[in-house]
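The values are calculated or read from the model by the stated rules, or taken from the named source; none is laboratory data. Bear in mind that the values here come from a model prediction, so they are computed numbers and not experimental data. Virtual Cβ from ideal backbone geometry, glycine too; neighbours counted across all protein chains shown.
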Amino acid sequence: MIKHTLLLFLIGICTQLTAQKDLYQKEWYTNSKGDSLPYRILLPENYDKNQDYPLVVFLHGAGERGNDNEAQLQWGSEVFTNEETRKKYPAIVVFPQCAKDDYWAKIKYRKKRKIGRRFKFPTNLGKPNKSFRLTEQLIRKLIREEAVDVKRIYIAGLSMGGMGTFEMLARFPKKFAGAIAICGGGNLNHTIHYAKHTSVWIFHGSEDPVVGVRHSRRIAKQLKKFKADVRYTEYEGVDHLSWIPAFAEPDFLEWLFSKEL
């Protein structure tokens with residue numbers, strides 16, 4: 001009887017999550033060169049193009065790469081679909097999907113891998129990766145065609161997406177009012193460019209075996225040095241899945257949507 005009840009409960013949870021994810025419309029952005037980017041978009045309830053809404057762009061982790069236009073919703077999408085949340089924070093929320101053989105950020109790997117120490121971020125960014133470039137083009141398209149409040153554009157991401165978040169800030173330092181980077185990393189030299197413009201909340205688990213916590217610690221310290229509006233939250237004993245407690249922070253959305261350029 002208990003097992004049967006638990007099974008029904010789990011089925012109910014899965015059904016609810018599927019229904020929430022279905023709120024995100026399936027779309028594909030294609031540029032003039034024919035390059036395509038899958039993305040899902042959540043529009044506000046009673047969407048009115050005569051109003052202006054915040055735009056949230058969320059960058060997923062490496063495990064959700066591909067072209068199915070589904071996997072990128074695995075983590076974080078439900079944060080924005082709660083009925084109360086949609087009424088309190090009406091916003092345009094976008095989840096682009098990075099190609100399977102691509103990365104959001106420019107990353108170099110060390111030949112000798114050490115747990116949590118394998119990432120290196122180049123000082124000279126050079127030409128952006130294809131999925132990153134298409135995402136930035138998509139943002140510009142949404143600004144042109146949708147009711148976007150250009151003073152309230154936000155970028156967020158986890159793991160590989162956290163790295164993409166820092167690179168997005170480095171390349172476009174005056175575009176984003178707020179940013180959330182979970183278990184990510186980036187080059188310290190770039191922080192000076194966005195420190196005075198963007199509020200940043202950084203999360204990391206102290207025992208992360210995939211992306212070393214030192215990456216987030218260093219960026220937070222550097223941003224504080226430049227007197228940026230930065231908030232750093234480190235979860236003691238937590239591994240790479242630091243996005244789970246991050247999403248559960250009671251003021252997660254309140255903090256984000258309070259930011260304005």
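One residue alone among R171, R218 is farther than 27 Å from L37 by Cβ and either touching a residue at least 24 places away in the same chain (Cβ under 8 Å) or crowded, with 24+ Cβ neighbours inside 10 Å (or both), and that residue is R218. On the given criteria, is K175 at negative phi, modelled with pLDDT of 95 or more and out of contact with any strand residue (DSSP E or B) (no Cβ under 7 Å at 6 or more places or on another chain)? In short, no. Scanning region 198-210 finds no residues that are farther than 30 Å from K100 by Cβ and in a helix (DSSP H, G or I). Selection of region 126-143 for residues being over 18 Å from F58 (Cβ atoms) and either of a type in the set (G, A, S) or within 15 Å of the chain's Cα centre (by Cα) (or both) yields only G126. Please indicate, with yes or no, whether at least one residue in region 174-196 is surrounded by fewer than 18 Cβ atoms within 10 Å (Cβ to Cβ) and assigned to a loop (DSSP other than H, G, I, E, B). Yes, some residue in region 174-196 is surrounded by fewer than 18 Cβ atoms within 10 Å (Cβ to Cβ) and assigned to a loop (DSSP other than H, G, I, E, B). Under the condition of being among the polar types (S, T, N, Q) and in contact with a Phe, Trp or Tyr (Cβ under 7 Å, 6 or more places away or on another chain), the residues counted in region 40-69 number 0. Counting residues in region 132-146 that are closer than 24 Å to K49 by Cα and in a loop (DSSP other than H, G, I, E, B) gives one or more.
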